[in-house]
1. Answer yes if at least one residue in the stretch 264-272 is assigned to a loop (DSSP other than H, G, I, E, B) and surrounded by fewer than 18 Cβ atoms within 10 Å (Cβ to Cβ), and no otherwise.
2. Can you name the strands (runs of 3 or more DSSP E) wholly within the stretch 26-119 that have at least 2 residues being out of contact with any Leu (no Cβ under 8 Å at 6 or more places or on another chain), among the charged types (D, E, K, R) and crowded, with 20+ Cβ neighbours inside 10 Å?
3. Can you work out which of the residues in the stretch 273-287 that are part of a helix (DSSP H, G or I) and touching a Lys or Arg at 6+ places or on another chain (Cβ under 9 Å) is surrounded by the most Cβ atoms within 10 Å (Cβ to Cβ)?
4. Among the residues of the stretch 184-200 satisfying the criterion of being among the hydrophobic types (A, V, I, L, M, F, W, C) and touching a helix residue (DSSP H, G or I) at 6+ places or on another chain (Cβ under 7 Å), which is surrounded by the fewest Cβ atoms within 10 Å (Cβ to Cβ)?
5. What is the residue count in the stretch 179-230 for residues that are free of Cβ contacts under 8 Å to residues at least 12 places away in the same chain and within 21 Å of ARG245 (Cβ to Cβ)?
6. For residues in the stretch 297-338 being outside any helix (DSSP H, G or I) and touching a Ser or Thr at 6+ places or on another chain (Cβ under 6 Å), which is surrounded by the most Cβ atoms within 10 Å (Cβ to Cβ)?
Amino acid sequence: MRDLMDHDRLYAALVARDAAYEGVALVGVTSTGIFCRLTCPARKPRPENCRWFDNAAAARAAGFRPCLRCKPDGPQAEAHPVIAGLTAALAARPGHRWSEADLIDLGHDPSTVRRLFRQHFGQSFLQMARAARLRQGLQTLHKGGRMIDAQLQAGFESASGFREAFRALFGHAPHQMQGDLRADWIDTPLGGMIVIADDHVLHLLEFVDRKALPQGLRRLSALVGGRIGLGRTGLTDLTERALGRFFAGEDGRLDMPLRLFGTPFQARVWQALRDIPAGETRSYSQLAAAIGQPSAVRAVAAANGANRLALVVPCHRVIGSDGSMTGYAGGLWRKERLIALEAGYRAAGNRPARLDAGPQSL
């Protein structure tokens, strides 16, 4: 980012405790070895003792420790006032058809909002708003409502627009959703998740804004012969309750019965991920060693990315060999929050059970 090369501007923002830089930049103080938010109330360092970072992982990788006062290793997205304000507005009006004109009316520059949301969430604010509207329509269909009611509740101006959004997510139109596997939405503190389960096992659990979600849903639909309909099963309710306890800090184990759709190698990697207790992390090389194939680091990384059971198969617990945050399909901001949440489970030794549903080859 160009701003991180502008030492004088960043130092001026640090002295002024400028909230506009929350979630954008952090300062590392070479004289103390500590890194802070620019809004930290602590005594300001001399300019020659400052180094600038765009995320906490980069600051830690450079050898700095987080400040105990401003807690800069907490969620950076939440710290940014623009993001915090707009996510609160979206939560208050999930069915509203948000536009760039709305952003301008709220005093925001649409290009700045787009950049911030893509930086932290991997998608724009308007894309997040569209997903929220689609969820409104899903709820109406789930309750047996008419297509026109779902369309209007979702805020789409035309039936074709609603069907296209639905098809982009699931791979087929709403009226084609029928079968013994049921798809539904679960709300979590980190955003909505699509859950697909039958009466016995969990087939898919993904954050709804994951870029590869539509592809994963279409693949799953093909593997099960199109047997995916809208609705809930008892296992859906079990999963929702388990996620509630997990995010409340009550239980780090997510012990739902699973059905894996992957190769035997992928299943071994996914089981190795399940063997990592909540509150601990591993590198890709450690994961490869755990399955007895230390040279298969790239294949292990690929299997990690192919996981379609977020949180339950905890691919977020894999970090860089230097301790830095590595890519996470659900967004690095989620990974940061999940690892921070699970730190509280470390002493409890919460470890999920072994997978009890055999893998099915692709």
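1. Pass one, the stretch 264-272, residues assigned to a loop (DSSP other than H, G, I, E, B): none.
Looking through the stretch 264-272, none of the residues is assigned to a loop (DSSP other than H, G, I, E, B) and surrounded by fewer than 18 Cβ atoms within 10 Å (Cβ to Cβ).
2. Numbers: elements: 26-29, 34-37, 50-53.
Passing ranges: none, list empty.
3. Let us first name the residues in the stretch 273-287 that are part of a helix (DSSP H, G or I), namely 273-274, 284-287.
Still in the list and also touching a Lys or Arg at 6+ places or on another chain (Cβ under 9 Å): 273-274, 284.
Details: LEU273: 24, ARG274: 22, TYR284: 20.
Per the criteria, the residue is LEU273.
4. We begin by selecting, within the stretch 184-200, every residue among the hydrophobic types (A, V, I, L, M, F, W, C); these are 185-186, 190, 193-197.
Right, trim to touching a helix residue (DSSP H, G or I) at 6+ places or on another chain (Cβ under 7 Å) and you get 185-186, 190, 194-197.
On the way: TRP185: 20, ILE186: 17, LEU190: 20, ILE194: 22, VAL195: 25, ILE196: 26, ALA197: 26.
Residue satisfying both the conditions and the ranking: ILE186.
5. 1
6. Taking the stretch 297-338 first, the residues outside any helix (DSSP H, G or I) are 306-314, 318-331.
Subsequent filtering for residues that are touching a Ser or Thr at 6+ places or on another chain (Cβ under 6 Å) retains 319-321.
Values: ILE319: 19, GLY320: 14, SER321: 12.
Only one residue tops the list, namely ILE319.
Residue by residue, here is whether (1) in contact with a Gly (Cβ under 9 Å, 6 or more places away or on another chain); (2) modelled with pLDDT under 90; (3) basic (Lys, Arg) holds:
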| residue | (1), (2), (3) |
| --- | --- |
| ALA278 | yes, yes, no |
| LEU287 | no, no, no |
| GLY292 | no, no, no |
| ALA296 | no, no, no |
| LEU309 | no, no, no |
| MET325 | no, yes, no |
| ALA329 | yes, yes, no |
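The values are calculated or read from the model by the stated rules, or taken from the named source; none is laboratory data. Worth saying up front: this structure is predicted, and the values here are computed from it rather than measured. Virtual Cβ from ideal backbone geometry, glycine too; neighbours counted across all protein chains shown.
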